[in-house]
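For reference, the structure discussed in these notes is given below.
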Amino acid sequence: MKTLGILGGMSPESTVSYYVNVNRAVNRALGGNRSAKILMSSVDFEEIVQCQKSGDWQKAGEILAEQAELLERAGADGILLATNTMHKVASQITDRINVPFLHILDVVANRIKARSLSCVALLGTAFTMSDNFYRDGLTERGVNAIVPDQRDQREIHRIIFDELCLGVIKPESKDFYLKTIEKLTALGAEGVILGCTEIGLLINQTDSALPFFDTAALHSEMAVNFILEKQENL
């Protein structure tokens, strides 16, 4: 079994879901009391948030790259960054490590293309929706994504940071997300990327007829496949 290094804490709420999902899947695959071999660095999210607000992505990348190096030195065979937004600094991390980096866009794009969808809606933080790094990354992988208008983006972002990251779930926020999805459906969206690892805490596949691509769940599946690769190759 490979040892997975998780860069977490962004936010703690979603990192918990990664830990639970990966361990449950490994146990289902191997039985008994088996669980995943995981090393984790859970950063102080406020430090990252302040970097985001000030636009100091270089500093944020340095923080995460340093922690990735520590995980590698501690024995991690691969590194997973348990957040969508901070994949903006993925190159800073990969430049500092010598083990595989499990990029969230790889698994998300592959799953969308497997459904042969030509256009998907992207929901996430304002950084994920408005910065080019995420949509360009999808385009490079053969996926076209559309985003809400600026007003809806601001409210989606606010709900993530002021509510979901703190474990607060409000019915009115769920309604807002679903109404936003309806708007994007009218613009041609055939599926929805839950492009922030907290969004799955608020809405899920039972809430919409469109296929949802829960990035936290898909990324966790990617992690499990990585962890069990040696067993799968036997």
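Residues being over 30 Å from Ala114 (Cα atoms) and without any contact (Cβ under 8 Å) to a residue 24 or more places away in the chain: count how many of those fall in the range 164-199.
Of all residues in the range 164-199, those over 30 Å from Ala114 (Cα atoms) come to 165-173.
Next cut, without any contact (Cβ under 8 Å) to a residue 24 or more places away in the chain only: 168, 170-172.
Looking only at that region, the number is 4.
Step by step: first the residues of the range 37-77, then only those that are assigned to a loop (DSSP other than H, G, I, E, B) and under 19 Å from the mean Cα position of the chain (by Cα), then the one that is surrounded by the most Cβ atoms within 10 Å (Cβ to Cβ). Which residue is that?
We begin by selecting, within the range 37-77, every residue assigned to a loop (DSSP other than H, G, I, E, B); these are 43-44, 55-56, 75-77.
Narrowing further to those that are under 19 Å from the mean Cα position of the chain (by Cα): 43-44.
Values: Val43: 20, Asp44: 11.
Step by step, filter the range 37-77, then rank; the result is Val43.
Residue check: is Gly32 more than 24 Å from Asp131 (Cα to Cα), surrounded by fewer than 18 Cβ atoms within 10 Å (Cβ to Cβ) and among the small types (Gly, Ala, Ser)?
Yes, satisfied.
If I filter the range 95-108 for residues that are open to solvent by 40 Å² or more (accessible area, probe 1.4 Å), without any contact (Cβ under 8 Å) to a residue 40 or more places away in the chain and over 27 Å from Gln67 (Cα atoms), do I get at least one hit?
Within the range 95-108, none of the residues are open to solvent by 40 Å² or more (accessible area, probe 1.4 Å), without any contact (Cβ under 8 Å) to a residue 40 or more places away in the chain and over 27 Å from Gln67 (Cα atoms).
Inside the range 115-157, can you point out the residues that are of a type in the set (Val, Ile, Thr), farther than 19 Å from Ala209 by Cα and more than 15 Å from the chain's Cα centre (by Cα)?
Thr139, Val143, Ile156, listed by residue number.
Give just the number: which of (1) at pLDDT below 95; (2) surrounded by 19 or more Cβ atoms within 10 Å (Cβ to Cβ); (3) of a type in the set (Ser, Thr, Tyr); (4) more than 30 Å from Phe226 (Cα to Cα) does Ser130 not satisfy?
(2)
Pairs only if they're at least six apart or on different chains, beta carbon under 6 angstrom, first in the range 17-36 and over 18 Å from His219 (Cβ atoms), second open to solvent by 70 Å² or more (accessible area, probe 1.4 Å) and part of a loop (DSSP other than H, G, I, E, B); list them, first residue then second.
Short answer, once both residue conditions are applied: Asn27/Arg34.
The values are calculated or read from the model by the stated rules, or taken from the named source; none is laboratory data. Here the structure is a predicted model, which means the values were calculated and not measured. In this analysis, Cβ positions are derived from the backbone assuming ideal geometry, glycine residues included, and neighbour counts consider all displayed protein chains. These accessible areas exclude ligands, DNA and RNA; they are computed on the full protein's heavy atoms, side chains included. Shrake-Rupley method; radii C 1.70, N 1.55, O 1.52, S 1.80 Å.
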